[in-house]
Amino acid sequence: MSRIWEDLLTERDREVLKKGGFGKSRGLGAKPCLMIIDPQYNYVGEDKPLLEQLGQWPSACGADAWSGIRKIKKIMEIARSKKVPIIYTRQVQKKSRAFDAFQKKVDRAGKDDYYLDGHKGTRIVEELAPLEEDVVVEKSYSSAFYGTPMVTYLNTLQIDSILMTGGTTCGCVRATTVDAITRGYNLAVVEDCVFDRIQISHKATLLDMWMKYCDVISSQEAVEYLNK
């Protein structure tokens, strides 16, 4: 499997990875879930080039997100057929963005309501709409483990492994991945099922997670794992 971050590496970087022994496979267990991080209109936007929609959806990832969503949908179908739990997260503020730490770093003048519960932007895209038996965890910060009952849900379902998908790679996917590993879960990020709005952030974050925290696999490998 060719790696998406290969073009970023210097010769020194390659030697560090080789001699430092980074990137060893962590492996997955026998009781997985499929986790989909924030597949909402705010962070997905429309299925067209990113720069053509930022006026409407300033936090979107555009066509790259939709490419990932189509692959996530295929994995979802396999997961459902195998009775593998599907867990969504939804990034939402309830009444005010006053406690939204991210707002201090971005200018979203005139679009504050996009991030408040009830706006279309906070809804999960129809293509990945959850079913009654799926779990939807609402969160207000990057990690799906911070201030949520995520651990209780995973423990109740007896989950030992997470297939990680959704967005954004360098934000909520990374934060949730690190917190999951810290709590002892095996985890694989599905490379072509995560997305970001900044290409170098996407590549560098996948490299960083592969080096130190989790496996990074393709959607085909995820399907093969579920079919076992």
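A simple packing score, the average count of other Cβ atoms within 10 Å per residue, orders the peptides 151-157, 192-198, 6-12 as 192-198, 151-157, 6-12, with the highest score first. The helix-based estimate of mean residue ellipticity at 222 nm for the chain, built from -39,500 (n - 2.57) per DSSP H run of four or more residues and divided by its residue count, is -9500 deg cm²/dmol to the nearest 500.
For a label point 7 angstrom out from the Cα of Ser67 toward its Cβ, which stretches of the range 194-228 have the backbone nitrogen within less than 11 Å? Output list for this probe position: 194-196. Here the label points at Thr182 and Leu54, each 7 Å from Cα along the C-beta direction, are separated by 3.1 nm in the simple model.
In the structure shown, the pairs Lys73/Lys120; Lys83/Lys228; Lys74/Lys228; Lys24/Lys82; Lys203/Lys228 are assessed against 24 Å; a Cα-Cα span above that value is assigned to Lys24/Lys82; Lys203/Lys228. Here the simple spin-label model places points 7 Å from the Cα toward Cβ, and for Tyr141 and Arg26 these points are separated by 2.0 nm.
Peptide packing for 25-36, 167-178 was compared via the average number of neighbouring C-beta atoms within 10 Å per residue; ordered from the highest value, the list is 167-178, 25-36.
Under the 0.36 nm per residue contour assumption, what length would be gained going from the current alpha-carbon distance of Tyr153 and Glu133 to full extension?
5.9 nm
Values quoted throughout were computed directly from the atomic coordinates according to the rules given, and no laboratory measurement underlies them. Just so we're clear, the structure is a prediction, and the values are computed from it rather than from any experiment. Cβ coordinates were reconstructed from backbone atoms using ideal geometry, including for glycine residues, and neighbour counts include every protein chain displayed.
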